[in-house]
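Asks: Take a look at this one; I'll ask things after.
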Amino acid sequence: FGEVGLNMIRCRLTRHLWMVKGWPAAFAGFLASNAFAVETVALFKQDCEAFASLSNALVKSAEMKAMERRSWFTLQVVKHIRAGFDELGWGPAPHDEINKVVRDHHLGCIATQVVEDTFNFQ
């Protein structure tokens, strides 16, 4: 029981950190006040540029390959939001169409999270 309990604690901590900083969870900032939305767009653009630099590196170490493979920029919803900005433009604030996708995404159910955490499956 001790190992299961420790796995659940580790997964909860990892999940909470991911929800505070990680994309797509941080997309909720697009829906906030104008100043915070502008800051969130700037951070997302900066992270997109950093990931593009990593992806376009000619020589990649094993660590770089692992970072690229495990990045949240490989998630479909993040790809959709980035494509939306690429198509509509990287204005200071998110477009209404992008906010609709973000709202729909955050209304989704994550009921399987407890099971995933229990069995250390992510």
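The values are calculated or read from the model by the stated rules, or taken from the named source; none is laboratory data. Nothing here was measured: the structure is a model prediction, and the numbers come from that model. Cβ sites come from the backbone with ideal geometry, for glycine too, and all protein chains shown count toward neighbours. Ligands, DNA and RNA are stripped out before the accessible areas are found, and what is left, the full protein with its side chains, is counted by its heavy atoms. Shrake-Rupley method; radii C 1.70, N 1.55, O 1.52, S 1.80 Å.
Matching residues to (1) touching a Ser or Thr at 6+ places or on another chain (Cβ under 8 Å); (2) β-branched (Val, Ile, Thr); (3) under 20 Å from Arg15 (Cα atoms):
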{"residue": "Ala35", "(1), (2), (3)": "no, no, no"}
{"residue": "Leu58", "(1), (2), (3)": "no, no, no"}
{"residue": "Met64", "(1), (2), (3)": "no, no, no"}
{"residue": "Leu75", "(1), (2), (3)": "no, no, yes"}
{"residue": "Ile81", "(1), (2), (3)": "no, yes, no"}
{"residue": "Trp90", "(1), (2), (3)": "no, no, no"}
{"residue": "Asp104", "(1), (2), (3)": "no, no, no"}
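Asks: Tally up the residues in segment 35-50 that are in contact with a helix residue (DSSP H, G or I) (Cβ under 6 Å, 6 or more places away or on another chain) and more than 16 Å from Gly84 (Cβ to Cβ), please.
Replies: Here the count works out to 1.
Asks: For Ala42, indicate whether it is assigned to a helix (DSSP H, G or I) and either touching a Ser or Thr at 6+ places or on another chain (Cβ under 6 Å) or modelled with pLDDT of 90 or more (or both).
Replies: yes
Asks: Can you name every residue in segment 48-60 that is under 17 Å from Arg70 (Cα atoms) and either in contact (Cβ under 8 Å) with a residue 24 or more places away in the chain or not basic (Lys, Arg) (or both)?
Replies: Of everything in segment 48-60, those that are under 17 Å from Arg70 (Cα atoms) and either in contact (Cβ under 8 Å) with a residue 24 or more places away in the chain or not basic (Lys, Arg) (or both) turn out to be Cys48, Glu49, Ala50, Phe51, Ala52, Ser53, Leu54, Ser55, Asn56, Ala57.
Asks: Do any residues in segment 29-47 that are touching a residue at least 40 places away in the same chain (Cβ under 8 Å) and more than 18 Å from Arg103 (Cβ to Cβ) have Cβ atoms under 9 Å from those of residues that are among the hydrophobic types (A, V, I, L, M, F, W, C) and part of a helix (DSSP H, G or I), where the two are at least six apart or on different chains, and which pairs are they?
Replies: Lys45/Phe85
Asks: Residues that are open to solvent by 80 Å² or more (accessible area, probe 1.4 Å) and closer than 23 Å to Glu97 by Cα: does segment 52-59 have at least one?
Replies: no
Asks: List, please: which pairs have Cβ atoms under 7 Å, are six or more places apart or on different chains, and start with a residue in segment 93-108 that is closer than 15 Å to Ala32 by Cβ and end with one that is open to solvent by 80 Å² or more (accessible area, probe 1.4 Å)?
Replies: Every condition considered, the pairs that remain are Ala93/Asn34.
Asks: May I pose another question? Checking the conditions here, which among Glu97, Glu49, Glu87 is in a helix (DSSP H, G or I), open to solvent by 60 Å² or more (accessible area, probe 1.4 Å) and in contact with a Gly (Cβ under 7 Å, 6 or more places away or on another chain)?
Replies: Glu97
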